[in-house]
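In what follows, a single structure is set out as structure tokens and then discussed.
The values are calculated or read from the model by the stated rules, or taken from the named source; none is laboratory data. None of the values given here were measured: they were computed from a predicted structure. All Cβ positions, even for glycine, are placed from backbone atoms using ideal geometry, and neighbour counts span all protein chains on display. In case anyone asks, the SASA skips ligands and DNA or RNA and just uses the protein heavy atoms, side chains included. Shrake-Rupley method; radii C 1.70, N 1.55, O 1.52, S 1.80 Å.
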Amino acid sequence: KKDAEYVMIRIPIPGGCSYASKSGNVSFESHREYFRNETDIFCQYLPKGTYTFRVKIHPRFTGSYNLNPASIELMYFPVFSANNEMKGTG
């Protein structure tokens, strides 16, 4: 709803999945860190609006996976945060 500075976006990675590739920079993205259980995306400045950040993953095992909601918060003032909806695959 407002422009924000120093934003951190946390995208959880489902168990049983691994990264297909570790690339991708959206125009407002400053830095990206890849962990086993999540990807953290840092933006120094993010104007209000709707954005799509993609993380390429692939399943290591057959079956269906649930994707937990991604969260976004201000890095230096984490009281303000938000989540998106839970999604399923397969």
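The table for this structure:
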read-out	value
Residues located in the stretch 1-13, provided they are open to solvent by less than 40 Å² (accessible area, probe 1.4 Å) and modelled with pLDDT of 90 or more	7, 8, 9, 11, 12, 13
Filtered residues of the stretch 34-50 (kept if more than 27 Å from residue 16 (Cβ to Cβ) and touching a strand residue (DSSP E or B) at 6+ places or on another chain (Cβ under 9 Å))	43, 44, 45, 46, 47, 48
Looking only at the stretch 68-80, and only at residues there that are open to solvent by 100 Å² or more (accessible area, probe 1.4 Å) and in a strand (DSSP E or B), the one that is modelled with the lowest pLDDT	80
Near pairs, Cβ below 7 angstrom, 6+ apart or cross-chain, from the stretch 39-50 (within 8 Å of residue 5 (Cα to Cα)) to any residue that is of a type in the set (S, T, N, Q) and part of a loop (DSSP other than H, G, I, E, B)	43/30; 44/30
Scope the stretch 24-67; condition within 14 Å of the chain's Cα centre (by Cα), open to solvent by less than 70 Å² (accessible area, probe 1.4 Å) and small (Gly, Ala, Ser); matching residues	24
